[in-house]
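Every read-out reported here was derived from the displayed coordinates using simple, explicitly stated rules and does not represent laboratory data. What you are looking at is a predicted structure, and each value in this text was computed from that prediction instead of being measured. Heads up, the Cβs are rebuilt from the backbone with ideal geometry, glycines too, and the neighbour counts pull from every protein chain shown.
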Amino acid sequence: MSIGLNVIRHRFNAWLKKRLPLSEEIQLSQKRIFIFPNKVGFLFLVLLGLLLVTGINYQNNLILSIGFIMVSLFVTSIIATYQNIASLVIKASACDACFVGDTVSLPLTLNNPNKTSKAGLFVGFDHSHAQLIPVVESQQNIRLSYVPQQRGYINVPKIKLFSVYPLGLLTCWSWLYLDFNGVVYPKPVELPFRSSDGEGLDDTDQSIQSGMDEFDGLRMYQKGDSLKRVAWKQYAKTQQLMTKQYLDYQGDERCLDWSVLSGFDVEYRLQVLCGWALQAHQQQSEFSLKIPGQTIPLGSGEQHLHQCLKALALFNYGVKK
Amino acid sequence: MAFNASLIPQPTLVFLFFNVFAALMLHVTRLPLWLIVFSLAALSWRMFMFSGRVPKPNWYMKLALVSAGFYGVYASYGTDLTIESMVSLLIAGVMLKPLEVEKHQSSYLLIFLNYFLCALLFLFDRTPLDFLLVIVVMTLTLGSQVLVHLYDQPNRMASLKLGFGLLLKSLPLALLLFLVLPRLGPLWTLTVPTQSGVVGLSDSMSPGSIAQLGENDELAFRVKLLDNPLPMNQRYWRAFTLSEFDGETWQQGRFYQANRASDFFNDDQPSVRYEIMIEPHEKNWLFAIGGSKPLTPEITVHSDATLESRKRLYNQWQYKVESNISELLPQSNLSRSERIRYTRLPSGSNEKAQDFARQLNEQTADLPQFISALRSFISDKDFSYTLSPGTFDGDDQIDEFLFESKSGFCSYYAGSVAFLLRSIDVPARVVLGYMGGEENQLSNALSVYQYDAHAWVEVFFEGQGWLRLDPTAWVAPERVESGLQRAIPSEFQGFKSQSPWLRELRKRWQAFDYYWNDWMLSYKGNQQQAILQDLWGERTANELIGILTVAFVLLGLGLFSFLWWDQKSKPVSYEQKVYQALFTWLVTIDAANQGAVDRKSIAIPLHLKGLTMQGVCRELTKRLPHLEASLNALNKQVSAALYQPNANGLDKSKTRQLLSMIKILKKTV
């Protein structure tokens, strides 16, 4: 594609974006709706022209009158096609957090405030891979698949909503810049963990201690053992207090430190930190995260993990684009 | 496009094919049998494809089918291009199209061709009923076009309803276009005739030629009398004259244009002005009574006083004529060549008749006496008037008629009398045309049908001109006084019910048909101008263009205001207005802090979303600590208006006050 065309496309997209700002909920108004005859419409017009010429040449008023009715149908269909998608409300709900390169499904809700149902709608990122929504009575939930390419707040490209209903002569469409309120984590890179003192973490360093994982056996109850771990069934049989023993990888305390990775570029550092965080979470280690401007104290569990991943995703991100 | 490449569900396809079938049925009376079978076979094949037992046609099957269609049309119609053959070819094509319609994209052409096929019916039939049928099939097709766009959730009734609704909504504009759009002349000359030819007079007269018309009740033309009435026995509509006789057939000679258009028209004589709406007969001749002066351009007056259109009439046409009501066509004398032409007979034909004429001539003193002798011969003897006289095999058909069978219809009598006159060297010619015309008081017009076709004689009186003689009137006066139906009720093929209300109904229908013709079929040119003038008075072309422009601008404005009104945003409460002002301020500050030029170019950060009024004020205070007091006051005022006991929310003036306060605060930053 030539550079000139790219410039035009860029300008157009910029204009479109300014005209149609990003938001969570969009009501299709005349400002947002575009309408133009499509290929079928032009075929119709060609045949209509032929019919009118036939009517003129044979001086046949009846053929002409059918021609006029068809001209008029074309005009009516402009309004009908427009009305079919006008005032539709499209709402973006929050999508799940995901990693760069994963497929995420974006939840959309279509609300029809009118009494008459909307029909034959297509929604998609491009014209040829659009998803059909045959009828929207009052509300319809759909999901669009999307693969994010950038970390940060999810930045979905413009979505096209279009319809040719009822006569197929015109395409009526709108561009949706929707804000899905999701966070995209960096794509994790799996590297062996390095702590801030420069030591690697080998498998040999992980001592097996009594933890919460695999059931290993029973031992005599000792003072301080949790009552939850007492094998009560055993006690009922033998009147002896036994404690259940589990195999566990000892969760050590890790500090995921930005400065360890000096020399790599920012994005790569974030990806490695992301990988480490996942690794640590998997191994049930407690970990803390230290990146410039933000430190997340030692912790563990899903919530902690997501907090750390979100911090990585939004590092130096500031605002949504 | 992928969305168009999806398969059409079966119910939609069945409905679509039903419409194709309906369009076929519109044309069915005119199509050759093989084409109907061919079409039905193609449609059934497509239907059987649903069950999967019948395969899809592959490319060589399709090729074979298309070739078969072409060959069939060629075999039925030959190589001459006619409207019928072209329409049949189109029908063959449309009927094969369903075989390859599977996806949305391929259905459109079929639908559009179906519309086209419907409209082409009007090349052949133009009655109100035909129009109604076409509208019905078009509505069905429109329904199927909507149905296609319901994709995999087809709903026939809903689609039909919507299609009909669209049609109704389209009618006002269509009516406007019909009324105001000027009718162009043909863009190029069309010389494609219809196959069957059109029923009507043929340009020669051999025995039997008019009898066929006697059985035809199609309309030939209509006459609207513009001033005086025209008595029944004067309704001799001349089409053309026959001057050449070869012993069997009367034929047209060559004619020359008259010196002046009004050669045969006498201003002093009583005259009648009328307008004729002629059905297309694909020839040039026009109809008029007696000596006529055409009031419409493009009409030639011939030396035999007949009128001719400069163009062949492939379409309905209207023209105005003024004619003398007289049996005599004035012409002072004949040129030598004319005298020879109008007295010439083939030698040795019909000897008996020639002898009879000479004998009669010797017994009578002058021409009027000769004619009255002829008259008594024909009316006294046992001559009879019938449409089925049987055939004559011999060479001397006039002898056979006059002295043996003595039964025949107008062309027999006219031909024989002209022959007898020529036998005694009196110039005479046969005139072909129509006699009569059914009156309709409702539409104030005469309808002339094909069964009114007639032949009569004109005989030349020296120094005076051509006198009309109708020998048929001698034998069957009822034919002239009250029409064919009274003359031979048993053989009459037209409308003959005696029931009064049926007759009344027919009258009303005819009147409606007349207005249909007047308004729908021949609405153009002068008539259009007259109507438009009636509607908005005398206007020049420029004024008209001005009015139309204004109308279209108003229409456009109307459309835009409708769209604007249609999308009008929901009303915003006063609290929302204040909140929005504060929130916008907050986001603008953030945008400026991040170096963005425009507030809209950044998205609202997550942590700012869903803030309460108080929250917004808190965030603002964080960024603008020096305004803490003012912001707190603002928040308190809003809260007070909303949450205090007896509070009714913000009112208009309070809101205005708050908004201006925010404005002032903004300026202090």
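General observations
- The coefficient of translational diffusion for region B:1-56, derived via Stokes-Einstein from the alpha carbon Kirkwood radius under 20 °C and 1.002 mPa s, stands at 167 µm²/s.
- Shape of region B:2-180 from the C-alpha gyration tensor: oblate (a/c of 1.5 or more and a/b not above b/c, with a ≥ b ≥ c the square roots of its eigenvalues).
- Amide proton proximity set for A:TYR153, modelled H, under 5 Å, gap of 5+: A:VAL184
- Cα-projected label distance for B:TRP59 with B:LEU559, points at 7 Å along beta-carbon direction, nm: 4.4 nm
- Distant-in-sequence amide contacts of B:LEU295, defined by a placed amide H-H separation under 5 Å and a gap of 5 or more residues or a different chain, comprise B:LYS320, B:VAL321, B:GLU322.
- Annotation note: trypsin sites (Lys or Arg not before Pro) in region B:234-319 located in DSSP loop regions with a Cβ neighbour count of at most 16 within 10 Å are B:ARG254, B:ARG260, B:ARG310, B:LYS311, B:ARG312.
- Cα-projected label distance for A:PHE125 with B:GLU298, points at 7 Å along beta-carbon direction, nm: 6.4 nm
- Applying 1/(1 + (r/R0)^6) with R0 = 56 Å to the Cβ-Cβ distance of B:GLN576 and B:LEU181 gives a FRET efficiency near 0.65.
- Residues A:ILE291, B:ILE589, ranked from the fewest to the most other C-beta atoms within 10 Å, line up as B:ILE589, A:ILE291.
- Each peptide in A:70-79, A:138-147, B:500-509 gets a packing score, the mean of other Cβ atoms within 10 Å over its residues, and the list from highest to lowest is A:70-79, A:138-147, B:500-509.
- The chymotrypsin sites (Phe, Trp or Tyr not before Pro) of region B:117-192 that DSSP puts in a loop, and whose beta carbon has at most 14 other beta carbons within 10 Å, are B:TRP188.
- In order along region B:17-27, phi translates into HN-Hα couplings of 5, 4, 5, 4, 4, 4, 5, 4, 5, 4, 9 Hz, rounded to whole numbers, per the Karplus curve 6.51 cos²θ - 1.76 cosθ + 1.60 with θ = phi - 60° and x for Gly and Pro.
- A:ALA119 long-range amide H proximity, modeled H, under 5 Å: A:VAL136
- Partner shielding of B:314-321 amounts to 2, given as the average count of beta-carbon atoms from other chains within 10 Å of each residue beta-carbon.
- For chain A, the longest site-free run once GluC sites (Glu not before Pro) in DSSP loop states with at most 14 other Cβ atoms within 10 Å are removed: A:1-136
- Tensor-based shape of the protein assembly as shown (alpha-carbon gyration tensor, a/c under 1.5 rounded, otherwise prolate or oblate): prolate
- Each of B:SER202 and A:SER138 was given a label point 7 Å from its Cα along the Cα-to-Cβ line. The distance between the two points is 7.5 nm.
- 10 Å Cβ neighbours from other chains, averaged over peptide B:165-172: 5
- Restraint check, B:LYS352/B:LYS406; B:LYS577/B:LYS663; A:LYS18/A:LYS158; A:LYS31/B:LYS169; A:LYS91/A:LYS160; A:LYS18/A:LYS160, Cα-Cα greater than 18 Å: A:LYS31/B:LYS169
- Potential extension, B:ALA647-B:LEU40 segment - 0.36 nm per residue separation minus Cα distance: 210.7 nm
- Counting only other chain Cβ atoms within 10 Å of each residue's Cβ, the peptide B:110-118 averages 4.
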